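Below is one structure, written out as structure tokens; the observations come after it.
A short reminder: the numbers here are calculations on the coordinates, not readings from a lab. Not measured: the values here are computed from a predicted model. Cβ atoms come from the backbone with ideal geometry, glycine included; neighbour counts cover every protein chain shown.
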Ligand code: SF4
């Protein structure tokens, strides 16, 4: 997994709560047996007007120009700003793969659903939880900049070691992250490798477990 | 007071009994007793395993069955019956991976094949006190057995295959205490929908929920599975119900359950799996089952639920801007108006199936409602999709299929089917269904499809009238 430390990126606002993983990557694309190829179908039912399928190429699709990610000014954004309970529903890790492949490196929301949040750390997508009031502020500031229409962009600097997001005006907002998740992300850890180094402990556990609950081993 | 008195919750006990150690990062390493696999979330995990040159740690813990992508017609043709080549490749890939690695599979031709969360308990593969994982969020279903059962992502599927362990942090304890007695025509499905209405879809985030109280104790195992199935819709990765006689009676003599002396040994351990009287919970919610009427969802989130006699709410009825927005979106997407009575709403299709409600009890209730009657002319399709081959066989032995067919239902082969519409069973744009499944997300049952979540009884009654219908009139 790719390590994450600091980044600066432009922000796309997705002003919806409870965005579920069925929306992030609809089921018809889960038929793939690969880890790649999901970026083109991120938010498929919102980005396109016609129904997508694995056989259809993105060039044949009818684009929904009203959807935020299709607007000119949000091309090439790498931070997604959104509302509470992002990533709820299905456990599909394809949702995280799709966000990363599309170009997002970081998602900022007031809260995330558990399985999605967890899947982020397995792939190097940084989910940042910020208080509702900061999220609200950012949405408002982005709207203001948009209304100026002078091509200004809204960028954030994300500093994982310092646990801080810096706004365009230079004001910092600190965020909480569990130390274990932070370490995993900073070091881009191969978790399987780490667990396998505990082989003796796992074997010893199995022995105790078998003595206590032999029916699990027969 | 003596300090040796334990005050652990059921979740604490199962967690402690499976703790192997810790990573330097601080994450806990938890041993996994049972790993269930299906075709959608496993191929990339097997691929990762191969690329790293790794083998499964303990083969016999794993069991696989295809469910999401299988057709529900023409099952006798087996793999050949899968028309979509991409779907077929996924099912074939599961076959190949199971053969290559030596993992037991109930394949498409096996009578035991079915929705993984129906199959596990049915076979006794899910036992009390176990840690159970599957690359599917509705793994929470198995918590009905007092097992710590959680949905995992594909990276975790690979991790569990390679190490028999899961790396995670402990969650908080939440208790949902439900007293009272469910009325006639009101079921476990109505109960859990009412719970989610109260908690919201994020209410249980970061928690393991233990369901308890007299209303839960009175439920059958099938009904308890319906409750735990939707713990994830309340935001919780796992739901739990303590072991009692009902659990033991269900598990006993299942093919993979312990036998003889081991059974007795297991039972005495399982009976210790209850939250201690002094255990403390981070969050508690109470509910009275006696007050409930049949429930139905009206929006595009499982928390947007109403009683059958209520009027569809207005966005202004909700307190936070987030929820108001969600309600407004829902009304528009679902083609409904605030103030409307839900029983005026006309339907196109009916789906009785899914890991929430496709067990034998669910089919019996639906059959009771429709017996000797006809589905409405307005209904384009009414599907009954049993949860497994064995549920289907049992239903046929009881003659339920004849009742359904005579009433105008299609009697299908087991799989996830229209719960997520990965196969050919789906809603067309703007079509409306009542569905016994668990998710009413936008497009879940088909692009622009509109889903109302209901109990099997309400689905059956609605099939007869073509409108969302209170089942109590038919019981
Ligand atoms: S029946 Fe539906 S919810 Fe259950 S496992 Fe299948 S797709 Fe998921």
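As a footprinting exposure proxy, order A:1, A:142, B:230, A:185 by other Cβ within 10 Å, with the fewest listed first.
A:1, A:142, A:185, B:230
Between segment B:34-71 and segment B:88-137, how far is it from one alpha carbon centroid to the other, in angstrom?
9 Å
Work out, step by step, the length gained on full extension between residue B:96 and residue B:83: first 0.36 nm times the residue separation, then minus their alpha carbon distance; give nm to one decimal.
That works out to 2.8 nm of additional length.
Just check segment A:6-187 against the gyration tensor rule for me: Cα atoms, a ≥ b ≥ c as the square roots of the eigenvalues, rounded for a/c under 1.5, and otherwise prolate or oblate depending on whether a/b exceeds b/c.
oblate
Per the helix-only calculation at 222 nm, which mean residue ellipticity applies to chain B, given -39500 (n - 2.57) for every DSSP H run of n ≥ 4 and division by its residues, nearest 500 deg cm²/dmol?
Calculated at 222 nm, the ellipticity per residue is -9000 deg cm²/dmol.
Rg(Cα) of segment B:181-263 divided by 2.2 N^0.38 Å? Show your work: numbers first, answer last.
Details: Rg = 14.4 Å, N = 83, 2.2 N^0.38 = 11.8 Å.
That ratio works out to 1.22.
How much mean residue ellipticity at 222 nm does chain A get from its helices, if each DSSP H run of length 4 or more adds -39500 (n - 2.57) and you divide by all residues, to the nearest 500 deg cm²/dmol?
When only DSSP H runs of four or more count, the value is -9000 deg cm²/dmol.
Apply the a/c threshold of 1.5 to the C-alpha gyration tensor of segment B:7-72 and tell me whether it is rounded, prolate or oblate.
Judged from the Cα gyration tensor, segment B:7-72 comes out oblate (a/c at least 1.5, b/c at or above a/b).
For segment B:307-458, what does the alpha-carbon gyration tensor say about shape, rounded, prolate or oblate, given a ≥ b ≥ c as the root eigenvalues, a/c under 1.5 as rounded, and a/b over b/c as prolate?
Numbers: a/c = 2.17, a/b = 1.87, b/c = 1.16.
Since a/c reaches 1.5 and a/b is larger than b/c, the shape of segment B:307-458 is classed as prolate.
Please quote Rg/Rh for the protein assembly as shown to two decimal places, taking the Kirkwood radius as Rh and restricting both calculations to Cα atoms.
0.95
How compact is chain B by the rule of thumb for globular proteins, expressed as Cα Rg over 2.2 N^0.38 Å?
For chain B, the normalised Cα radius of gyration comes out at 0.94.
Calculate the length of the line joining the C-alpha centroid of segment B:337-375 to that of segment B:204-241, in whole Å.
So the two Cα centres are separated by 22 Å.
Evaluate peptide B:441-449: per residue, the Cβ atoms of other protein chains within 10 Å of its Cβ; return the mean as an integer.
5
Calculate the length of the line joining the C-alpha centroid of segment A:12-69 to that of segment A:161-202, in whole Å.
Centre-to-centre (Cα) distance: 29 Å.
Which order do peptides B:108-114, B:336-342 fall in by mean Cβ count within 10 Å, highest first?
Ranked from most to least packed, the peptides come out as B:108-114, B:336-342.
Of the candidates A:114, A:22, A:169, which one comes out as most mobile in a Gaussian network treatment of chain A with C-alpha springs shorter than 10 Å?
Judging by the Gaussian network model, the answer is A:169.
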